[in-house]
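Novice: Got a structure for you, written out below as structure tokens; questions coming shortly.
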Amino acid sequence: MSEPVIRRTERADFVASSDPALQASADRGEVNLLSYRELYHLWERQQWSVQDIDFSRDRVDWHERISPDERFQRMYGLSSFFVGEQRVTAELGPMMRAAPTEDMRIFLATQIADEGRHVAFFDRFYSEVGIFEAEGVQERLAEAEAQVNPSFHELFDEMLRERVDRLASEPEDLEALVEAVTIYHMVLEGMLALTGQHFIIAYNEEQGTLPGFVEGFSNVARDEHRHVAFGSRFLREMAERDERYRTAISRTLEKVAPVAEQVLRPHWYEEGMPLFGYSLGEVRAFALKALERRLKAIGLVAVS
């Protein structure tokens, strides 16, 4: 008999982060969030190298097995991640400086390293697979940016940057930090990144395409669960500390979530089209369920 297949989100290394979205018990409000130091130790145990990934099969798949129309459709998700990883890497520094405790700052320093590695992963994938002819990471990022939709820029370049710029000049503004973590960890990583990773990886596995990309992107997803676990703990602590922080989380989500939902919709999308084998409604439902579990862990959604 063949060994039973273990779903990625049920693997020990994935659930080790205690991200509430990976725990059905979160629906009942039963979540044991790791401490910041425990999350740091988990980072030490979960190291990986971009240079170890073999993209030779991926290059053949991209140019010989995947049709031009499908390559065009895949580019939206891939480019959103490539550009998105660059954006969040650049914005995390002021957030780390503003974190009120040393344990928080130590963990956020690891996250900056992770985000930089994610940019390097996508740049190496784009370069070695031959997706763009551009030379250099800056030039490849510029070509990738042409693939994203206006809501992407509104979310990353306006909503997130506004909070981060405020923190850069006023690092003691905890309410601005709460808003930034809500956008960064709950929405950008929790709603968008982990949702996209789930469906893109599953589709490539079903199609038997891009094995090097799947390996590396799975490592990226594991990192993101660890980051979101940090955000969940931080926001729960802040919500318990002061009602105005609870209000700040809710207010920020109310403003940002509708824009985030539009980021899930590619600029070429027509109603009823499948996205990596799933409907847009299924993709949105997955994202919202994960967000609901995390908000229950934070204490902002009542446990049914």
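Novice: Taking the range 94-141 as the search range and keeping residues that are under 19 Å from GLU44 (Cα atoms) and free of Cβ contacts under 8 Å to residues at least 60 places away in the same chain, which one is surrounded by the most Cβ atoms within 10 Å (Cβ to Cβ)?
Specialist: Step by step, filter the range 94-141, then rank; the result is GLU115.
Novice: Right, another one. Can you report the number of residues in the range 43-77 which are modelled with pLDDT under 95 and surrounded by 16 or more Cβ atoms within 10 Å (Cβ to Cβ)?
Specialist: 5
Novice: Can you name the number of the only condition in (1) out of contact with any helix residue (DSSP H, G or I) (no Cβ under 8 Å at 6 or more places or on another chain); (2) under 18 Å from TRP48 (Cα atoms) that GLU102 fails?
Specialist: The one condition GLU102 does not meet is (2).
Novice: Continuing with this model, one more query. Filter the range 230-284 down to residues that are among the aromatic types (Phe, Trp, Tyr) and farther than 27 Å from VAL15 by Cα and give me whichever is surrounded by the fewest Cβ atoms within 10 Å (Cβ to Cβ).
Specialist: Let us first name the residues in the range 230-284 that are among the aromatic types (Phe, Trp, Tyr), namely 230, 234, 245, 268-269, 276, 278.
Narrowing further to those that are farther than 27 Å from VAL15 by Cα: 245, 268-269.
Working: TYR245: 20, TRP268: 12, TYR269: 14.
Looking at the filtered set, the residue picked out is TRP268.
Novice: Now a separate question. Here is a list: VAL60, VAL31. Which entry is β-branched (Val, Ile, Thr) and within 22 Å of the chain's Cα centre (by Cα)?
Specialist: VAL31
Novice: Test VAL119 against the stated conditions and say whether it is among the aliphatic types (A, V, I, L, M), in contact with a helix residue (DSSP H, G or I) (Cβ under 6 Å, 6 or more places away or on another chain) and modelled with pLDDT of 95 or more.
Specialist: Working: among the aliphatic types (A, V, I, L, M): yes; in contact with a helix residue (DSSP H, G or I) (Cβ under 6 Å, 6 or more places away or on another chain): yes; modelled with pLDDT of 95 or more: yes.
Yes.
Novice: What number of residues within the range 78-93 are buried (at least 20 other Cβ atoms within 10 Å of the Cβ), within 30 Å of GLU237 (Cβ to Cβ) and not basic (Lys, Arg)?
Specialist: Qualifying residue count, the range 78-93: 7.
Novice: If you scan the range 52-106, which residues turn out to be outside any helix (DSSP H, G or I) and of a type in the set (S, T, N, Q)?
Specialist: Within the range 52-106, SER67, THR101 meet the criteria.
Novice: Considering each residue of the range 97-119, count those that are within 18 Å of the chain's Cα centre (by Cα) and not hydroxyl-bearing (Ser, Thr, Tyr), and give that number. Even if it seems obvious, please write down each step before you answer.
Specialist: From the range 97-119, those within 18 Å of the chain's Cα centre (by Cα) are 107-119; that's our starting set.
With the extra rule that they be not hydroxyl-bearing (Ser, Thr, Tyr), the set shrinks to 107-109, 111-119.
Going through the range 97-119 one residue at a time, the tally reaches 12.
Novice: Which of the residues belonging to the range 184-242 are hydrophobic (A, V, I, L, M, F, W, C) and more than 25 Å from ASP165 (Cα to Cα)? Can you show your working first?
Specialist: The first filter runs over the range 184-242 and keeps only residues hydrophobic (A, V, I, L, M, F, W, C), leaving 186-188, 191-194, 199-202, 210, 213-214, 217, 220-221, 228-230, 234-235, 238-239.
If the condition is that a residue be hydrophobic (A, V, I, L, M, F, W, C) and more than 25 Å from ASP165 (Cα to Cα), then LEU194, PHE199, ILE200, ILE201, ALA202, LEU210, PHE213, VAL214, PHE217, VAL220, ALA221 are the ones that fit.
Novice: Looking only at residues in the range 12-42 that are among the acidic types (Asp, Glu) and part of a helix (DSSP H, G or I), which one is modelled with the lowest pLDDT?
Specialist: ASP27
The values are calculated or read from the model by the stated rules, or taken from the named source; none is laboratory data. All figures in this text were calculated on a predicted structure; none of them were measured in a lab. Every residue, glycine among them, receives a Cβ derived from its backbone with ideal geometry; neighbour counts consider all protein chains shown.
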